Every structure is written in structure tokens, then in C-alpha cells.
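Each remark here refers to the structure printed beneath this line.
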Amino acid sequence: MPKITENIKTIPMLDLKAQHEPLNEEIKTAVREILDSSRFILGPNVSSFEQEVAAYHNVAGAVGLGSGTDALYLALRALDIKEGDEVITTPFTFFATAEAITYVGATPVFVDIDRQTLNIDPLKIEEKITSKTKAIIVVHLFGQPAEMDEIMSIAGKHGLKVIEDSAQAFGAKYKGRPVAGIGDAGCFSFYPSKNLGAYGDGGMLITNNPEISEKVKLLRNHGTTGPYQHSFIGYNSRLDEIQAAILRIKFKHIDTYNSKRRDIAALYTSLIGNAVACPVEKQDRVHVYHQYTFRTPVRAAVEKALHDNHISAVVYYPIPLHLQVAFNYLGYKPGDLPEAEAAAGEVLSIPIYPELEPEDVKMIAGVILKALQK
Ligand SMILES: *Cc1c(COP(=O)(O)O)cnc(C)c1O
């Protein structure tokens with residue numbers, strides 16, 4: 001008997017095959033050139049890609065790294081954050097944001113989020129600042145720029161460094177400026193599912209401070225200052241040539257990809273905006289919708305209806321970081337950060353990617369509206 005499931009159309013969260021199809025020949029040619037050259041580490045594609053990304057963000061330096069997690073870790077190292085220090089961040093993000101803080105021996109301090117943007121609430125930061133606080137890691141969650149003016153002004157007043165976790169926000173803008181280039185350092189991930197994704201792991205740090213980019217360039221390569229000379233303990237975290245060559249090809253299309261995501265988001269919001277709490281885009285911000293995430297108190301019913309119709313839907317993120325088992329040692333308990341906990345109970349992310357057809361968006365919206373009528 002033929003399997004009936006084969007004919008059912010399923011809609012994934014992301015369709016990388018569709019994204020890569022038109023670029024296939026160009027990418028294969030670029031990869032073949034690298035295979036023929038045998039130049040795999042810190043070659044011309046990495047340095048060209050660094051220059052291109054620095055120019056796009058209008059910053060002094062960009063450093064290609066092994067992953068977004070490494071970019072966060074090396075940003076903290078370059079800013080001399082260490083054991084005994086506290087770093088303020090959001091509890092509503094991917095685990096790596098806070099994990100990186102522990103790599104340097106520092107303590108994550110979680111500040112609750114804003115209900116509307118799901119980003120760190122600047123009004124709640126100052127009450128968590130102590131004599132040990134050294135930095136704030138802001139996250140532009142789901143592609144939505146955080147409140148940078150308020151955060152930079154708090155940081156300035158208290159002498160804190162600001163790291164922008166921009167893993168989900170390549171190309172997003174805050175008051176006309178691309179995010180990641182506003183604080184002391186900005187971190188990108190090129191994990192395949194990100195808005196700008198490689199064919200494997202990759203990351204980058206950008207900064208306006210040449211001292212920081214020089215330091216990170218040394219850190220990523222064992223602190224090497226000359227042939228077999230090491231001035232300090234470094235690390236091994238290098239973006240490789242093959243990934244850089246692929247990323248350079250995809251980077252040419254990032255603004256188009258992001259604007260298609262924005263069109264899809266606008267269509268979703270026009271269709272379901274009266275029925276659920278849709279993502280907001282504050283004035284003078286360019287949200288790049290790494291995820292399209294809405295809130296509803298009847299999430300389970302909506303999620304089930306989508307899955308019954310072979311439409312992907314995922315909860316990012318079901319457990320806020322202050323309640324993760326790995327952070328038990330920090331001593332938080334349920335109720336400590338109510339907005340993050342409420343969001344974790346109500347958010348749902350639905351398919352969004354540049355190649356998603358408007359007909360599918362309408363069909364998905366129809367399934368959501370029907371589930372809410374029940
Ligand atoms: C993906 C992601 C990271 C980690 O990036 P990797 O390249 O997977 O190490 C960090 N922070 C956020 C917000 C992310 O989405």
C-alpha cells in the first residue's frame with residue numbers, strides 16, 4: 001500500500017533547500033576553488049568577509065570565529081570580564097547567551113523582560129546593578145532590536161560594557177543603525193538556521209574599538225603574536241575558509257531575505273493580529289523576524305491545530321534561563337521573573353522564511369483563526 005503521508009504538504013519552520021537552490025552553482029564553484037587551493041584556515045575569504053561585514057555595519061573591525069557562542073565568550077574575554085564579576089542579561093533567550101558568561105567564571109544576573117518586545121526591560125536593569133556588575137549582554141530576540149538608547153545610557157552612567165547578542169538579528173536596525181555595532185561589541189552566529197546561515201558552524205564579533213578586535217584576533221588563534229610566540233592564553237576559534245566563502249555569497253542577499261521576512265510578518269499580522277498578540281515593531285526599528293512569535297493564552301490548542309495540519313510550530317523558549325536546571329546554583333525560583341515566565345507559557349513561533357509563499361501564510365493564518373474559534 002502506498003504511504004499516504006507522502007502526498008501531504010508539510011510546512012517546515014525553515015526551508016534551507018529552497019534558499020540554497022538558486023545559489024548552488026556559485027557556491028559549488030567557490031568551494032571547489034578552496035579545495036583546489038588547500039587554503040582552509042584564515043585565508044582570503046575570511047578576511048574579505050570580515051571587511052564586508054565591517055563595512056555593512058560601519059564599524060572599525062570584524063573578526064570571523066567558530067560560532068556565536070565563541071563570539072560571546074571572546075567578547076567577554078576581550079573586555080576582561082572574569083571570575084567574581086556579574087553580567088546582566090535576559091532570561092528569555094537561547095541558553096548560549098548566559099552560558100558564555102559562566103565560561104569566564106562570571107555570574108549571570110537575570111533581569112525581567114518587556115511584555116511587548118520580549119527583550120530585556122531597561123526599567124528593571126538598574127535595581128540589579130551592584131559593585132560587581134561589569135557588563136550587560138543585550139539580546140535582539142527573534143530579530144527585534146532591544147532598547148539601545150536606554151541601555152547605553154544606563155551602561156554609561158555605571159561604567160558598564162555592553163555586548164549585543166545579535167545572533168538572531170543580522171541586518172536589524174535601531175534608529176537607522178544596524179544592531180551589533182552600537183555597544184562595545186556585537187556577536188553574530190552563522191548557525192545554518194540563522195537569518196545569515198553557513199553550511200555548518202560559524203560566528204563573528206564586530207566592534208568599533210580596534211583594541212577589542214585586535215585582542216579577539218589574537219584570542220581566536222591561541223594568543224599567537226609571532227611564530228610560536230604566545231603572549232597570553234588564547235583559544236582556538238576560527239571561521240573556516242569554506243564557510244566564509246559560502247557566507248560571502250549569501251551575504252549579498254541578506255537585505256532581500258530580511259525584507260521578504262518582513263513582508264511575510266506584515267501579512268501574518270494583518271491576518272491574525274486581532275486574534276493573538278502579534279510581534280510589535282516600535283517606531284524607528286527594523287525587526288528582521290528571525291522568528292514570527294505571537295502570544296495566546298490558548299497556545300496548546302493552536303499548536304495542536306497547526307501540527308494536525310502538518311504545519312510546524314515551535315515554542316521558543318519554554319523554560320526561561322533562570323529556571324533551567326543548569327542554573328539552579330544561582331538560586332532563582334518560580335515567580336522571580338514573572339514576565340519571562342508568562343511569555344514562556346504563551347509564545348508560539350510559526351514558519352517564516354524568505355521562500356514561504358503568501359498562499360501558505362494565508363493557509364497557516366486560517367488554521368490559527370479556526371483553532372481560536374473553537
Ligand atoms: C544561536 C544563538 C547563539 C549561539 O550561536 P551558535 O553559533 O549556535 O554558537 C547565541 N545566542 C542566541 C540568541 C542565539 O540565537
Springs between alpha-carbon pairs under 10 angstrom, Gaussian network model over the chain: which of E26, E126, E52 fluctuates most? E26
Amide H to amide H under 5 Å from I311: which residues, 5+ apart in sequence or cross-chain, H placed 1.01 Å off N in plane? I11
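So what's the net charge close to A277: Lys and Arg +1, Asp and Glu -1, counting the other residues with Cβ under 12 Å from its Cβ?
Overall, the nearby charge balance is +2.
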Let me check I've understood the local charge: for H290, count other residues with C-beta under 9 angstrom from its C-beta, Lys and Arg +1, Asp and Glu -1. What total comes out? +2
Across K173/K252; K173/K250; K124/K175, pairs whose alpha-carbon gap is larger than 24 Å: none
I'd like the chymotrypsin sites (Phe, Trp or Tyr not before Pro) in the stretch 201-276 restricted to DSSP loop residues with at most 16 other Cβ atoms within 10 Å, sorted by number. Y228, F232
What lysines does K370 reach when the alpha-carbon gap must be under 20 Å and sequence neighbours fewer than 8 apart in one chain are set aside? K9, K304, K362
Net charge contributed by nearby residues that have their C-beta within less than 14 Å of Y268 (K/R +1, D/E -1): 0
Just from its helices, what would the mean residue ellipticity at 222 nm be for the chain, if runs of 4 or more DSSP H residues each count -39500 (n - 2.57) and the sum is divided by every residue, rounded to the nearest 500 deg cm²/dmol? -11500 deg cm²/dmol
Have a look at the stretch 228-310 and give its Rg and Dmax from the Cα atoms, expressed in angstrom. 20.4, 63
Out of the trypsin sites (Lys or Arg not before Pro) in the stretch 162-206, which ones are loop residues according to DSSP with at most 15 other C-beta atoms within 10 Å? K175
Proportion of all alpha-carbon pairs of the chain beyond 34 Å (%): 29 percent
Would you mind checking the stretch 178-195 for residues with the amide N under 20 Å from a putative spin-label position 7 Å along Cα→C-beta of I249? 190-195
Could you give me D for the stretch 142-182, from Stokes-Einstein at 37 °C and 0.692 mPa s, where the hydrodynamic radius is the Kirkwood radius over C-alpha pairs? Units µm² s⁻¹, please. 309 µm²/s
Derived scalar couplings ³J(HN,Hα) [the stretch 128-139; Karplus, 6.51 cos²θ - 1.76 cosθ + 1.60; whole Hz; x for Gly, Pro]: 9, 7, 10, 5, 8, 5, 10, 7, 10, 9, 8, 10
For the stretch 87-181, using Cα atoms only, the Rg and Dmax in Å read 12.3, 36
Which ³J(HN,Hα) values, rounded to whole Hz and listed in residue order, are derived for the stretch 257-263 from phi using the Karplus coefficients 6.51, -1.76 and 1.60 in 6.51 cos²θ - 1.76 cosθ + 1.60 with θ = phi - 60°, glycine and proline given as x? 4, 5, 6, 5, 4, 5, 5
At 20 °C and 1.002 mPa s, the Stokes-Einstein diffusion coefficient in µm²/s for the stretch 179-227, with hydrodynamic radius from the Kirkwood sum on alpha carbon pairs, is 177 µm²/s
Across all directions of projection, what mean area in square nanometres is found for the Cα convex hull of the stretch 116-242? 9.6 nm²
Could you name the lysines in cross-link range of K82, using Cα to Cα under 22 Å and dropping any fewer than eight places away on the same chain? K128, K132, K134, K157, K161, K215, K217
Convex hull volume per residue in cubic angstrom - Cα atoms of the stretch 1-106: 233 Å³
Which translational diffusion coefficient, to the nearest whole µm²/s, is obtained for the stretch 100-152 from the Stokes-Einstein equation, given a Kirkwood hydrodynamic radius over C-alpha pairs, 10 °C and 1.306 mPa s? 132 µm²/s
With the radius of gyration and the Kirkwood radius both derived from the Cα set of the stretch 252-374, what is their ratio Rg to Rh? 1.02
Give me a comma-separated list of calculated 3J(HN,Hα) values for the stretch 339-347, in order, Karplus coefficients 6.51, -1.76, 1.60 applied at θ = phi - 60°, integers in Hz, x for any Gly or Pro. 5, 5, 5, 5, 4, 4, x, 10, 7
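FYI, it's all coordinate maths here, none of it is from the lab. All values derive from a computational prediction rather than experimental measurement. Virtual Cβ from ideal backbone geometry, glycine too; neighbours counted across all protein chains shown.
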